[in-house]
Amino acid sequence: MTRIYQQYQRRISLLSLLVILAWGGLGFRLFSIQVTNGEKYYKQGQTKEILSALRGNIFDVNGTPLTRNIIHYTIAVDPSKVQNKQNVAKKLSKITGKPTNYYIKKLESRNNFAYLERNLQKKYAQPIIDKNIDGIIINRLAHRSYPQDNIGGQLIGFTNVDDTGLAGIEYVYDKQLSGIDGWIIKQRSGLGNINLNNNYPKQNPIDGADILLTLNIEYQSVLQEELLKQLNQTDAISASGVIIDPQTGAILAMASVPDFNPNQPNKCATENQKNRAFTDQFEPGSTFKIVAATAAIDQNLVRIEDEFDCENGTFQYKSVTINDYKPHEVLTFGEIIKRSSNIGIIKVASQIGDKSLYNYAQDYGFGTPTNVGLNAESSGTLRKLSEWSPISLAEISMGHEIGITALQLAMAYGAVANGGILLKPYIINDINTIDGVSIYSEEPKVIRKIANNNVMTQLSRLLVNAVETGTGIEANISGWQVAGKTGTAQKFVDGVYSHTKFISNFVGYLPASNPQLLCVITLDEPKLGYHWGGTGAAPVFKRVMERIINLDDSIQMPIIIIKDSSNRAPILVEKKIHKSNITHKKEPILLSSFAVESESTPKSKNLQKNKTKTVIPNVKGMSLKKAINTLQNSGLEMKFAGSGTVVWQSPKPGTVSITGTICSIGLE
């Protein structure tokens, strides 16, 4: 008996030891899981799901959307979490209009995940979201769309499939546009199923900021259409254009063609995606003559009436023969600019010297980037003075041996237009958060003062003459005083200047007495006949400006008060650069034997009262509303017949009359 008891006792003891060891092992493992590695296993039972932020949108200066987020929703389900499948199927059927059985089949799936709807519009998804049905999984997705297609595409840029900016504004301001993604922690079961637990943390996404540009999409559309038209007509390689407000530096339009559609970026050459107006440099030719002209006037080395022998069209400068496109004998300094004489400007430059020409070229911003804030901007080329050759003075004074961009040229002439202030160009008005809080904005910024207002007024007069009766006559707009300059430059190919490949360019601004718009046009290698700045680029400027004048009532001809030149000098009008603290005075522009005082605000009541003289403006092609405003601002009465746009008027444009005169117009 004792032997049997001892035998069982040993077995019981062994079994008890095994049980104790087993429980000890389990206890140790449990301690390890819950205490030592508790946080690790806790996290393994969770999953972090990203909640994507919506990308901010880009708008033009008037709030027209240039981008759009096409939002769509994916509706999925974990069938095991749906209690009353019949009821849920009926609710979904009522919202989407699909048969109940369609959803019953999906809800009865043995899988733990099934798609119910994909690419669902918000108006259909929102009722499902509002129902908050257990087991229903809703994901918000979006893809970028560009409602204006090609218009402004090079500036706006585009994104990839992950909504990351790859070019243009989309790329440069990707961080601000992208916003901050949110997240939500979900619970993972032992079987791998994911469940929402309201006690787990969640961070809502912060949608990206919206960007308001200085760009005017109507101006941009006009510019691109006219550039493309001239590209096709002249067989040029490319054409570029810039429109700015010379008083602020705001870019109103900037384009080059051929262009591309950002909705389909892969369907065009990569070359078409860049905006050549600020990425490509070119030798400008005669539009660069304002540099030598400014230096000569500013240093009192040359007067407008000073005469220069232009050698009948051929001149030997050191080792190089210089030719004018047309032979001239003796020209005044003013006529040199008007006729665009190479020989004449070289003789002017010889009086100012290498150093002055170099310094004024620098002051105008050539050789350095404008820092407009867009990627791949070219700085142009202005070699150091120590690198100039014996003939560089001659070559550079007439626009060779230097590389500039269309944007640099626009800003340089903008300084002439606004009275001597070189401004920094800008294209961003404001960047606002989703709550409407401004996080970044740009204002007009002064780079430097190049010359005083008197110098620029004299130069502006020369540019007016160049358009009215000189090489820029194809840019002349009836009823408007335009200042401008043509440029024709031979391209430097294989170490020599080509006689068949040219850059045709023109830059002009209006109204000359109170500039509101400035436009640069360039054509790369147009066919011969259009290679001159006056025949290739100037007509594009005219068409673009005429269309903008007629579509935008805010662009007004200044009120002109005619005074007999024997009277006292007109009062100078003090005018401020918009949004800027810089004040300068604009001297009057002289029209024949009259002194002209320019005002930026209407004075029709005073004109009526004093019966002063006024010039009949050209209202042909205008809408009735614009014609009424233009004539009233000139102190004229009006009567009209018909509807549509103005096709005739009486008295004729340019006629000097007294205020209160009745102007008759006909519309069709």
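We did not get these values from a lab; they are worked out from the coordinates using the rules stated. Remember, predicted model here, so these are calculated numbers, not experimental data. Here the Cβ is made from the backbone with ideal geometry for all residues, glycine too, and neighbour counts use every protein chain on show.
Values as computed for the structure displayed
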{"quantity": "Gain on full stretching of the segment that runs from Tyr440 to Ile662 - 0.36 nm per residue minus C-alpha separation", "calculated": "74.9 nm"}
{"quantity": "Amide H partners (placed H, <5 Å) of Thr614, local residues excluded", "calculated": "Ser657, Ile658, Thr659"}
{"quantity": "Built amide H within the under 5 Å cut-off of Thr471, gap 5+", "calculated": "none"}
{"quantity": "Charge sum, other residues only, whose C-beta stays under 14 Å from Arg383's C-beta, Lys/Arg counted +1 and Asp/Glu -1", "calculated": "-3"}
{"quantity": "Pairwise label distance in nanometres, Lys90 with Ser319, each label 7 Å out on the Cα-Cβ vector", "calculated": "9.8"}
{"quantity": "Per-residue HN-Hα couplings for the range 503-509 [Karplus 6.51, -1.76, 1.60; θ = phi - 60°; Hz; x = Gly/Pro]", "calculated": "10, 9, 9, 8, 9, x, 9"}
{"quantity": "Size of electric dipole in the chain: Cβ of Lys, Arg +1 and of Asp, Glu -1, about Cα centre, debye, nearest 20", "calculated": "3640"}
{"quantity": "Per-peptide average of other Cβ atoms within 10 Å, ordering 121-134, 450-463 highest first", "calculated": "450-463, 121-134"}
{"quantity": "Label-to-label distance, nm, for residues given as Thr469 and Ser13 (7 Å Cα→Cβ offset)", "calculated": "13.3"}
{"quantity": "For Thr214, distant residues with modelled amide H under 5 Å away", "calculated": "Ile428, Asn429"}
{"quantity": "Simple label model, 7 Å out from Cα along Cβ direction - Ile138 to Asn160, nm", "calculated": "3.1"}
